[in-house]
Amino acid sequence: MSRKILSRILASLAGLAFVVSGAHAAVGGGATIHNAATLSFAGGQVTAAVQVRVATLPSAPVFSVDQANIDVFASDTANYVYTLHSTSNGSDTYSLAPASADANVTAPTGLGVSSSSIVLGASITSAASDAAGNLFIPAGSESNLMVTDRIVINIGGSDYVYEIATLSAGTPASTTGNTTTAETPTRLTLSAVTAGAPAIGAGTVAAGTQFGEQASVTVSITAGTPAAAGTNGVHTLSLSGTTSAVDSSGSAISYNDGLAATTTVLSSDGNLIKQVRNVTDGGAFASAGVSAYSGELLEYRLTVSGNPGSTLTGAVLEDSIPVFVEYVANSTTMNGNPVADAGTSPFPLDEGGLQINSPSGAAGVIADGETAIVVFQVTVD
């Protein structure tokens, strides 16, 4: 073998080693590094080729959430939509586990995520975008990317969301006999989702630009009960997990959304009891089991109070006249005092309700230890 041919072979192998060492930094995961060396000699030629698959480098996704806080009462459910996108060089599976840190409230009675893991595609452009709006990535790095997927890509220092409009899978480089065929890269076109996102043209997206798929999951939390009357509780949410991909040492990446979305659990200071009695037959007030004949008179009683140690403010009581009965004009009282009929219908508790108070309280105030009692009558049709 001549020194010239040997030097050419060694140079090719040295080039292969260089590409492998820097693959994670600038090459899409799933790409094929194809290297062919040729031996020429009198009367013939021999080509030998090797291939290396570029691995996906684990990288934490980027999170956002649709709401920073939701106010609920105990046992209510709040739903948060978390959106994440990949910052990796290739497809990866991300586990997702919700947790709650609880202050002045019992642990949530329900806490879950719509999907415990999510697969996100990603790649790195191998050439600058062209005038036709095409993006080019290594053949094979399009794993888990498909038409209608949304991706996040940084252009000019700002992140923009696009949807994959077309995707044509490429072909890795290969060698057959003594003939080596160059790679045909995978080609994508995008349509903008983010308002004001740049139109993709020649050089809009530089070679070596990472982009990652975007997807959403819903975290649902059913609120616990505030520990102290009159003091709101807070559930602080977190969404964490690990990558499926591992680095060269075999280690995965752990991550947390870091957003600290909160669910404020409003303290239920107020209590409302509604009862009814049949006036015609002299029955007592009860919450259930009352019966009446057509034409008989019913009387409803609504009792409002606060929890011990608390005063209610801004109290408004709203009710409506049910079907099958007629309101008795001017029959409404509060704490034994007449309440004037008002509104489109004469019943004063409908159409926005009635501001109420306990005997010693100003308008809208139910003083600690007191009640407001509202009574009205109807006749059965």
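The values are calculated or read from the model by the stated rules, or taken from the named source; none is laboratory data. Given the structure is predicted, the values throughout are model-derived calculations rather than measurements. Note that we place each Cβ from the backbone using ideal geometry, even for glycine, and neighbour counts take in every protein chain shown.
Key figures for this structure:
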| quantity | calculated |
| --- | --- |
| Failed item, numbered, when residue 164 is tested on (1) touching a residue at least 40 places away in the same chain (Cβ under 8 Å); (2) crowded, with 16+ Cβ neighbours inside 10 Å; (3) more than 20 Å from residue 59 (Cβ to Cβ) | (1) |
| Residue within region 286-304 that is within 30 Å of residue 102 (Cα to Cα), of a type in the set (Ser, Thr, Tyr) and assigned by TED's automatic domain parsing to the domain that holds residue 372 present | no |
| All positions within region 141-151 that are β-branched (Val, Ile, Thr) and more than 24 Å from residue 32 (Cα to Cα) | 148 |
| Which numbered condition residue 344 fails, given (1) surrounded by 11 or more Cβ atoms within 10 Å (Cβ to Cβ); (2) of a type in the set (Ser, Thr, Tyr); (3) out of contact with any strand residue (DSSP E or B) (no Cβ under 8 Å at 6 or more places or on another chain) | (1) |
| When residues of region 293-311 are limited to those that are under 49 Å from the mean Cα position of the chain (by Cα) and in a loop (DSSP other than H, G, I, E, B), the one modelled with the highest pLDDT | 311 |
| Verdict on residue 351 being loosely packed, with under 15 Cβ neighbours inside 10 Å, assigned to a strand (DSSP E or B) and in the same structural domain as residue 302 (by TED's automatic domain parsing) | no |
| Complete set of residues in region 354-381 that are surrounded by fewer than 14 Cβ atoms within 10 Å (Cβ to Cβ) and under 29 Å from residue 292 (Cβ atoms) | 381 |
| Matching residues in region 76-106 - criterion: being among the hydrophobic types (A, V, I, L, M, F, W, C), closer than 15 Å to residue 119 by Cα and either crowded, with 17+ Cβ neighbours inside 10 Å or outside the structural domain of residue 255 (by TED's automatic domain parsing) (or both) | 84, 96 |
| The one condition in (1) touching a residue at least 60 places away in the same chain (Cβ under 8 Å); (2) crowded, with 22+ Cβ neighbours inside 10 Å; (3) over 28 Å from the mean Cα position of the chain (by Cα) that residue 178 fails to fulfil | (2) |
| Residue within region 149-158 that is part of a loop (DSSP other than H, G, I, E, B) and under 30 Å from residue 49 (Cβ atoms) present | no |
| Candidates 335, 256, 307 - the one that is closer than 19 Å to residue 374 by Cβ and among the polar types (S, T, N, Q) | 335 |
| Residues of region 314-331 satisfying the condition of being in a loop (DSSP other than H, G, I, E, B), exposed (fewer than 14 other Cβ atoms within 10 Å of the Cβ) and at negative phi | 318, 320, 322, 323, 329 |
| Filter result for residue 126 (among the hydroxyl-bearing types (Ser, Thr, Tyr), without any contact (Cβ under 8 Å) to a residue 40 or more places away in the chain and in the same structural domain as residue 241 (by TED's automatic domain parsing)) | no |
| Odd one out for residue 290 among (1) modelled with pLDDT of 95 or more; (2) closer than 23 Å to residue 356 by Cβ | (2) |
| Single unsatisfied condition, residue 119 versus (1) without any contact (Cβ under 8 Å) to a residue 60 or more places away in the chain; (2) crowded, with 20+ Cβ neighbours inside 10 Å; (3) under 19 Å from the mean Cα position of the chain (by Cα) | (2) |
| Cross-chain or 6+ apart pairs with Cβ under 6 Å, region 76-96 first and charged (D, E, K, R), then part of a strand (DSSP E or B) | 92/243 |
| Scope region 127-155; condition under 11 Å from residue 204 (Cα atoms), polar (S, T, N, Q) and buried (at least 18 other Cβ atoms within 10 Å of the Cβ); matching residues | 129, 134 |
| Residue in region 201-209 that is closer than 30 Å to residue 80 by Cβ, crowded, with 18+ Cβ neighbours inside 10 Å and touching a residue at least 60 places away in the same chain (Cβ under 8 Å) present | no |
| Hey, residue 344 of a type in the set (Ser, Thr, Tyr) and at pLDDT below 95 or not | yes |
